[in-house]
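Accompanying notes for the structure given below.
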Amino acid sequence: MKRKRLVLLSEWANQRGISYTTAYRMAKRGEIPTEQVGRFSFVVEEVEVPEGKGVALTFFTHAGGAGKTSLARDLGYELASRGYKVLLIDMDPQANLTDWLGFTEVEPEETALFLYEKGILPEPKGVMPNLYLIPAEVSLAKAEVVLSREPHTAFALRGALEELRGEYDFIFVDSLPSLGTLAASAALSGDGLVVPVELSRKGVQALTVVLEAASGYANALRKMRVWQGPSFVRLFVPNHMESAGRAREAHEVLEEIAEKWRVPIAPPLARRPAAYREAQARNVPVQLTEYSEVREELKGVAEKLLEVVLPVQEVAK
Ligand SMILES: Nc1ncnc2c1ncn2[C@@H]1O[C@H](COP(=O)(O)OP(=O)(O)OP(=O)(O)O)[C@@H](O)[C@H]1O
């Protein structure tokens, strides 16, 4: 299927060995099709991408600050700019994903709360070409009350996503830092978990609990005959990598855990506080900050994710 792919004008110029000024002038004269996203100009190219098969993944860990939300935002942007149609669902009442994408005025009925209370998943909002968002706001926390009163509602999101899979290539669910009922409902909604891991002693220790929880979710889905595979955790994404020895030690422990549980590991993302602060302040993915080295890192993580999920996607077809 043909889709629009967005290439940063500066990157497009680089690829062709021409100066940014020349590319900018060509865009101004209408010689190349461009689209504006915030203050960034993109060249629009047509690409062939596989038809929407809707791989749904939950960004999951109870460990706070590991990078679930940043990763959902940045991988969502990365895949959308390659031409994949991506839906992000903010399942965290903190609503950082929603805020960071610049959505500030959100009503409770525009969030997943509407699904738990009324059985309807709200209409996604457009973020940029190929990228959509179901936002959150603080009252999404009330979904926990519904879930404790009506535990079977835990599968509501999974059911709603089944209907949406045909429309999107990827659905990324950003879970909250908890192992409670709302986090479980988010985890049960798709084809497995993407787990960002802070490269520290505490960060890798937290994985024991994540892997136990993941086994529980996988067992429930196996019993329903809706999931099978070696591990429900589909990818570890090491984050906050520093050059200090402690991060390397943590990576070695992560490698042992990953081997034992048969979970692939993505290339690590370096700790770059200034880049992530700038991304939040300007409501853009981190790839659109001044820190261009982070773009290559995110490309590497996206490649690994595609390698991990696409074969299963073919099988599930
Ligand atoms: N590689 C990184 N380098 C520096 N800062 C980062 C990096 N990745 C994420 N951050 C920052 O760390 C903070 C926590 O990240 P994020 O909110 O994505 O994690 P989370 O797991 O979703 O958190 P929560 O537990 O609150 O849901 C954010 O301020 C984010 O900008």
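Here the strands (runs of 3 or more DSSP E) wholly within the range 1-99 that include at least 3 residues being open to solvent by less than 10 Å² (accessible area, probe 1.4 Å) are 55-59, 86-90. Please determine whether any residue of the range 160-170 is buried (at least 21 other Cβ atoms within 10 Å of the Cβ), closer than 14 Å to residue 91 by Cβ, of a type outside the set (Ser, Thr, Tyr) and touching a helix residue (DSSP H, G or I) at 6+ places or on another chain (Cβ under 6 Å). Looking for residues that are buried (at least 21 other Cβ atoms within 10 Å of the Cβ), closer than 14 Å to residue 91 by Cβ, of a type outside the set (Ser, Thr, Tyr) and touching a helix residue (DSSP H, G or I) at 6+ places or on another chain (Cβ under 6 Å), one finds none in the range 160-170, hence no.
Among the residues of the range 106-115, is there at least one that is away from the ligand (no atom under 11 Å from the Cβ) and under 22 Å from residue 227 (Cβ atoms)? Can you show your working first?
We begin by selecting, within the range 106-115, every residue away from the ligand (no atom under 11 Å from the Cβ); these are 106-115.
The next check asks that each one be under 22 Å from residue 227 (Cβ atoms); those that pass are 112, 115.
Looking for residues that are away from the ligand (no atom under 11 Å from the Cβ) and under 22 Å from residue 227 (Cβ atoms), one finds at least one in the range 106-115, hence yes.
Give the range 258-285 a look and list any residue that's under 14 Å from residue 96 (Cα atoms), out of contact with any Pro (no Cβ under 9 Å at 6 or more places or on another chain) and in a helix (DSSP H, G or I), or say none.
First pass over the range 258-285, keeping only residues under 14 Å from residue 96 (Cα atoms): 276-277, 279-285.
After this cut, where a residue has to be out of contact with any Pro (no Cβ under 9 Å at 6 or more places or on another chain) as well, the list is 276-277, 280-285.
Once the filter is applied, which keeps residues that are under 14 Å from residue 96 (Cα atoms), out of contact with any Pro (no Cβ under 9 Å at 6 or more places or on another chain) and in a helix (DSSP H, G or I), the range 258-285 yields 276, 277, 280, 281, 282.
What number goes with the only condition from (1) touching a residue at least 12 places away in the same chain (Cβ under 8 Å); (2) under 26 Å from residue 97 (Cα atoms) that residue 47 does not pass? Result: residue 47 passes all but (2).
What are the pairs with Cβ atoms under 8 angstrom where one residue, in the range 254-270, is assigned by TED's automatic domain parsing to the domain that holds residue 287 and the other, located anywhere, is among the basic types (Lys, Arg) and outside any helix (DSSP H, G or I)? Sequence gap at least six, or different chains. Note: pairs meeting the criteria are 263/234; 264/234. Could you check, for the range 210-218, whether at least one of its residues is of a type in the set (Asp, Glu) and part of a loop (DSSP other than H, G, I, E, B)? No, there is no match, as no residue in the range 210-218 is of a type in the set (Asp, Glu) and part of a loop (DSSP other than H, G, I, E, B).
Being in a helix (DSSP H, G or I) and of a type in the set (Lys, Arg) is a description that does not apply to residue 225.
The values are calculated or read from the model by the stated rules, or taken from the named source; none is laboratory data. Note that this is a predicted model, so its numbers are computed, not measured. Cβ sites come from the backbone with ideal geometry, for glycine too, and all protein chains shown count toward neighbours. Areas reflect the complete protein model, heavy atoms only, side chains present, ligands, DNA and RNA absent. Shrake-Rupley method; radii C 1.70, N 1.55, O 1.52, S 1.80 Å.
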